[in-house]
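Enquirer: So that we are looking at the same thing, I have put the structure below in structure tokens.
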Amino acid sequence: MTLKRILLSLLILGGLVTLYFTIALKWSYSSGERAGWIQKLSNKGWVCKTWEGELALVSLPGTSTVEKFIFTINDEKVAAELTEAMGKRVTLHYEEKVGLPTSCFGETRHFVTKVTLASELSISPGVVVPTGAASGPMPPPVAASAPAN
């Protein structure tokens, strides 16, 4: 009788742990996008290999303060896309996962799910500079006209 209770208790505990991991991996606390330049990307881990990276967020070109967005990638296809985009301005779509108990799933809470090349760089409200990431030729620069007297 006690052996059946122990086995039933272990089975229920295993089911609850499995349910917890499933919910923690599928449910997202938040999601969003960040744009910047990939500063670092590496494949880390002793047992569980994940891609870990840093995105340099620059609010205005030429400013000395750079904020870093640290992220994790679990999908090899997304990691390959990001490797191809190194040195270019990108937009990362991410999901924030809360409650993952170990670092085996990733070192951060931010998991990148999609990468797109940014085609424009906003340097101030209403002023946009093309970066060349968009397909097709870049338009020629427009010469400034002299003010009328």
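Condition check ((1) at positive phi; (2) modelled with pLDDT of 85 or more; (3) more than 11 Å from the chain's Cα centre (by Cα); (4) aromatic (Phe, Trp, Tyr)) across all residues:
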| site | (1), (2), (3), (4) |
| --- | --- |
| LEU7 | no, yes, yes, no |
| LEU16 | no, yes, yes, no |
| PHE21 | no, no, yes, yes |
| TYR29 | no, no, yes, yes |
| SER59 | no, no, yes, no |
| THR83 | no, yes, yes, no |
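Enquirer: OK, next. Just wondering, is there one or more residues in segment 39-46 that are touching a helix residue (DSSP H, G or I) at 6+ places or on another chain (Cβ under 7 Å), more than 13 Å from HIS110 (Cα to Cα) and surrounded by 11 or more Cβ atoms within 10 Å (Cβ to Cβ)?
Expert: Step one: of segment 39-46, the residues touching a helix residue (DSSP H, G or I) at 6+ places or on another chain (Cβ under 7 Å) are 41.
Right, trim to more than 13 Å from HIS110 (Cα to Cα) and you get 41.
With surrounded by 11 or more Cβ atoms within 10 Å (Cβ to Cβ) added as a condition, the list becomes 41.
Checking segment 39-46: at least one residue is touching a helix residue (DSSP H, G or I) at 6+ places or on another chain (Cβ under 7 Å), more than 13 Å from HIS110 (Cα to Cα) and surrounded by 11 or more Cβ atoms within 10 Å (Cβ to Cβ).
Enquirer: Look through GLY45, GLY53 and report the one residue that is small (Gly, Ala, Ser), in contact with a strand residue (DSSP E or B) (Cβ under 7 Å, 6 or more places away or on another chain) and touching a residue at least 24 places away in the same chain (Cβ under 8 Å).
Expert: None of the other options fit; the residue is GLY53.
Enquirer: Got at least one residue in segment 19-35 being touching a Lys or Arg at 6+ places or on another chain (Cβ under 6 Å), surrounded by 15 or more Cβ atoms within 10 Å (Cβ to Cβ) and under 20 Å from ALA85 (Cβ atoms)?
Expert: Checking segment 19-35: not a single residue is touching a Lys or Arg at 6+ places or on another chain (Cβ under 6 Å), surrounded by 15 or more Cβ atoms within 10 Å (Cβ to Cβ) and under 20 Å from ALA85 (Cβ atoms).
The values are calculated or read from the model by the stated rules, or taken from the named source; none is laboratory data. Fair warning: this is a prediction, and the values are worked out from it, not measured in the lab. Cβ atoms come from the backbone with ideal geometry, glycine included; neighbour counts cover every protein chain shown.
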